[in-house]
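Contents: one structure, followed by commentary.
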Amino acid sequence: MNNPYWSPFVNDIVPYTPGEQPKVTNLIKLNTNENAYGVSAKVLQALKDAVDDHLKLYPDPTSQQLCAELAKLHSVDINNIFVGNGSDEVLGFAFFALLKHEKPILFPDITYSFYPVYCNLFSIHYKTIPLTDNFEINLQEYEKEDCTGIVITNPNAPTGLLLNPQLIKKYLIEHPQQVVIVDEAYIDFGGESVVSLINQFPNLLVVRTFSKFYGLAGLRVGYAVGNSELIEGIRRVKDSFNSYPLDRLAQIAATTAVQDIQWSIDNANRIIENRDYLTKSLQKLGFRVLDSKSNFLFISHSNIAGDKLAAKLREKNILIRYFNTPRIKDWLRVTVGNEEECKILIREMHIICDNEL
């Protein structure tokens, strides 16, 4: 639709489509990569204690306490930390602050689908680089292009495949003039972060989220780690848009979650165990399963169409993510649930395969 009151550019926007958030409660929800085990009792208690008369006051606009905890966690200076309302907002600010130049930016053709949305919204030139036939990121292909910078999700989504951090370091060494944004939303489920490289490479920005590893998707907290001058650029954009990106409760919950990080580490290990169980079980049923280092799996079956499989699981009250795009139309992304959810999924997959094959 077109509306005469819209700014003209709004007609050309194609918004990001988030995963379904159903209103019913009797579903096994494996479609949006939420943490299967949630937050610790300490986080819940901190939230309860924070619900008081202080809510009438604006929150700390700099999230000083949270930034200090994150700086301590990553062994960096507090000026190397930026926090925002989910990693989506942090990425949006970073795109606008760092990537809006004459030359295009590069990112994979199959990756987080918010990236082209940011580019269209902010009028940023971009070009997608195809993943290999095995769905891997090949940075050698990026070296062939003259660009402002690159954006990669590591592990990539929706594939779950991890790019060796040494390859990222090599790219940083060889391209000091480019901004390199590494989106590490899923890094804590089996990958090696490149945060330790930010003092060595002033062009590196690492973006993280509290939605996956920390299980705080409902409170919307994300952050970036990078050179202080990159952070200042992002902060300038933030302060021109929203001086208070994190509310009081979100700051308290996130700070407590970092302080109680062992809870999240233990949960990540449980998710990794469940991921291994799902991988082996699905492979026995004839599925191709990529070697995920995230809290989800990317799967396909040569004899069952992706949309059909997703629909049949939906009939069994199990939600998974189907992407109706050419290269991956027969692939499905499946969040790793808790032990019971994983067993139910495999049971229903077994029934579907028996009936279809």
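With the condition kept exactly as written, say whether any residue in segment 88-98 is surrounded by fewer than 19 Cβ atoms within 10 Å (Cβ to Cβ) and not hydrophobic (A, V, I, L, M, F, W, C). Please lay out each step first, then the result.
Step one: filter segment 88-98 for residues surrounded by fewer than 19 Cβ atoms within 10 Å (Cβ to Cβ), giving none.
No: segment 88-98 contains no residue that is surrounded by fewer than 19 Cβ atoms within 10 Å (Cβ to Cβ) and not hydrophobic (A, V, I, L, M, F, W, C).
For segment 41-87, name all the residues that are polar (S, T, N, Q), open to solvent by 70 Å² or more (accessible area, probe 1.4 Å) and closer than 25 Å to residue 237 by Cα.
Step one: of segment 41-87, the residues polar (S, T, N, Q) are 45, 62-65, 75, 79-80, 85, 87.
Filter once more, so that each one left must be open to solvent by 70 Å² or more (accessible area, probe 1.4 Å): 45, 62, 64-65, 75, 79.
Within segment 41-87, 62, 64, 65, 79 qualify.
Restrict the check to segment 278-293 and report whether at least one residue is under 22 Å from the mean Cα position of the chain (by Cα) and either among the acidic types (Asp, Glu) or part of a strand (DSSP E or B) (or both). Step through it out loud before you land on a result.
Here is the first cut: in segment 278-293, the residues under 22 Å from the mean Cα position of the chain (by Cα) are 278-279, 289-293.
With either among the acidic types (Asp, Glu) or part of a strand (DSSP E or B) (or both) added as a condition, the list becomes 289, 291.
Yes.
Out of segment 178-195, which residues are under 21 Å from residue 105 (Cα atoms) and either over 15 Å from the mean Cα position of the chain (by Cα) or of a type in the set (Asp, Glu) (or both)?
178, 179, 180, 183, 184, 194
Let's see how each residue does on (1) in a loop (DSSP other than H, G, I, E, B); (2) out of contact with any Phe, Trp or Tyr (no Cβ under 8 Å at 6 or more places or on another chain); (3) surrounded by fewer than 21 Cβ atoms within 10 Å (Cβ to Cβ):
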position	(1), (2), (3)
297	no, yes, no
300	no, no, yes
308	no, yes, yes
324	yes, yes, yes
327	no, yes, yes
340	no, yes, yes
343	no, yes, yes
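Restricting to segment 1-44, what's the tally of residues that are over 26 Å from residue 349 (Cα atoms), aliphatic (A, V, I, L, M), touching a residue at least 12 places away in the same chain (Cβ under 8 Å) and in a loop (DSSP other than H, G, I, E, B)?
Going through segment 1-44, the residues over 26 Å from residue 349 (Cα atoms) turn out to be 1-17, 39-44.
Then drop every residue that is not aliphatic (A, V, I, L, M), which leaves 1, 10, 13-14, 39, 41, 43-44.
From the residues that got through so far, the ones that are touching a residue at least 12 places away in the same chain (Cβ under 8 Å) too are 13-14, 39, 43.
If we keep only those that are in a loop (DSSP other than H, G, I, E, B) as well, we get 13-14, 39.
Summing the residues that are over 26 Å from residue 349 (Cα atoms), aliphatic (A, V, I, L, M), touching a residue at least 12 places away in the same chain (Cβ under 8 Å) and in a loop (DSSP other than H, G, I, E, B) in segment 1-44 gives 3.
Under the condition of being over 15 Å from the mean Cα position of the chain (by Cα) and buried (at least 19 other Cβ atoms within 10 Å of the Cβ), which residue from segment 99-117 is nearest to residue 66 (Cα to Cα)?
99
Any residue in segment 208-234 that's within 15 Å of residue 258 (Cα to Cα): show its pairings with residues that are of a type in the set (Asp, Glu) and open to solvent by less than 10 Å² (accessible area, probe 1.4 Å) at Cβ separation under 8 Å, as long as the two are six or more apart or on different chains.
Every condition considered, the pairs that remain are 208/184.
Cβ contacts < 9 Å: first residue touching a residue at least 24 places away in the same chain (Cβ under 8 Å), restricted to segment 181-199; second residue buried (at least 23 other Cβ atoms within 10 Å of the Cβ) and of a type in the set (Asp, Glu), any location; separation 6+ or different chain. Result?
191/184; 193/184; 194/184; 195/184
Among the residues of segment 228-271, how many are surrounded by fewer than 18 Cβ atoms within 10 Å (Cβ to Cβ) and part of a loop (DSSP other than H, G, I, E, B)?
Matching residues across segment 228-271 total 7.
Pick out the one residue from 168, 173 that is of a type in the set (A, V, I, L, M, F, W, C), without any contact (Cβ under 8 Å) to a residue 60 or more places away in the chain, farther than 23 Å from residue 327 by Cβ and open to solvent by 30 Å² or more (accessible area, probe 1.4 Å). Talk me through it step by step, then tell me what you get.
On the way: 168 fails: open to solvent by 30 Å² or more (accessible area, probe 1.4 Å).
None of the other options fit; the residue is 173.
Listed here are the residues, each with its yes/no results for (1) over 20 Å from residue 87 (Cα atoms); (2) in contact with an Asp or Glu (Cβ under 9 Å, 6 or more places away or on another chain).
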| residue | (1), (2) |
| --- | --- |
| 230 | no, no |
| 238 | no, yes |
| 246 | no, yes |
| 251 | no, yes |
| 261 | no, no |
| 268 | no, yes |
| 273 | yes, yes |
| 277 | yes, yes |
| 280 | yes, no |
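Can you tell me which condition residue 329 does not meet? The list is (1) touching a strand residue (DSSP E or B) at 6+ places or on another chain (Cβ under 9 Å); (2) modelled with pLDDT under 95; (3) among the basic types (Lys, Arg); (4) within 20 Å of residue 155 (Cβ to Cβ), and all the others hold.
(4)
The values are calculated or read from the model by the stated rules, or taken from the named source; none is laboratory data. Remember, predicted model here, so these are calculated numbers, not experimental data. Using ideal geometry, Cβ is built from the backbone for each residue, glycine included, and neighbour counts are taken over all protein chains shown. These area figures cover heavy atoms from the full protein model, side chains too; ligands, DNA and RNA do not enter into them. Shrake-Rupley method; radii C 1.70, N 1.55, O 1.52, S 1.80 Å.
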